[in-house]
């Protein structure tokens, strides 16, 4: 009996002590610092802001050149109008705004090398050394494709303008406003220039294994349907020449992309 009381008396302090002392909580695992060369989210945003600022600065500087050369550029762009018909404007500040719009489009076209390089420089840190070496040559290719698209747009401009003006008659005489015409021209140039970039995007997707030449070839019918709808919607003016030319260009680029991707073994 005495031994039982001794054991009970010896266990009570231990139980009381365990109930009064709080259980120790594990210390939170500290967040590991970013590895050397790895940027935080804030640093990424700052980098993006700086890249966008450089793009905007390049466009602004090139736009100054476009504004200074506004009259010769207007004369070149106006030349495809059949019959040498003059352009009119109705608002007091329309002529100035037309010069500004043309200067802005010229600025985008001339600064495209800077824009593409800044985009690549922002993405490049997330790529491996091999991926950087493989993607760098595509910058001049993208610039050349953009310039080619602008050239194609200028070449089809006389046919597109002639098609639209061709519906005039003795009862329907065109009074072409400068604002509407140059909106049509600048939109046409940018659409053709930007659409020439889509084979580069498809090729890049093939390099990372998202698409293959077989998958592109298998989706040819759907692609043609999508390109037809896109060409009809995106081209300005309502003529038949520019959407047909855009569709033919996109289709040739699509088939060329399938050929190039297949040659790379994808």
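The values are calculated or read from the model by the stated rules, or taken from the named source; none is laboratory data. Remember, it's a predicted structure, so these values are computed and weren't measured experimentally. Positions of Cβ are backbone-derived with ideal geometry, glycine not excepted, and every protein chain shown enters the neighbour counts.
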Would you pick out the residues in segment 57-88 that are surrounded by fewer than 14 Cβ atoms within 10 Å (Cβ to Cβ), at pLDDT below 85 and either within 29 Å of the chain's Cα centre (by Cα) or over 14 Å from residue 182 (Cβ atoms) (or both)?
83, 84
Please state which one of 101, 54 is touching a residue at least 60 places away in the same chain (Cβ under 8 Å) and closer than 17 Å to residue 182 by Cβ.
101
What helices (runs of 4 or more DSSP H) lie completely within segment 37-151 and have 1 or more residues being closer than 21 Å to residue 199 by Cβ and touching a helix residue (DSSP H, G or I) at 6+ places or on another chain (Cβ under 8 Å)?
94-110, 112-123, 129-135
Taking residue 247 as meeting all but one of (1) at pLDDT 85 or above; (2) on the phi > 0 side of the Ramachandran plot, write down the number of the exception.
(2)
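Mind checking which residues of segment 248-266 are within 21 Å of the chain's Cα centre (by Cα) and closer than 13 Å to residue 212 by Cβ? Spell out the reasoning first.
Here is the first cut: in segment 248-266, the ones within 21 Å of the chain's Cα centre (by Cα) are 249-254, 256-257.
257 - this is the single residue of segment 248-266 that is within 21 Å of the chain's Cα centre (by Cα) and closer than 13 Å to residue 212 by Cβ.
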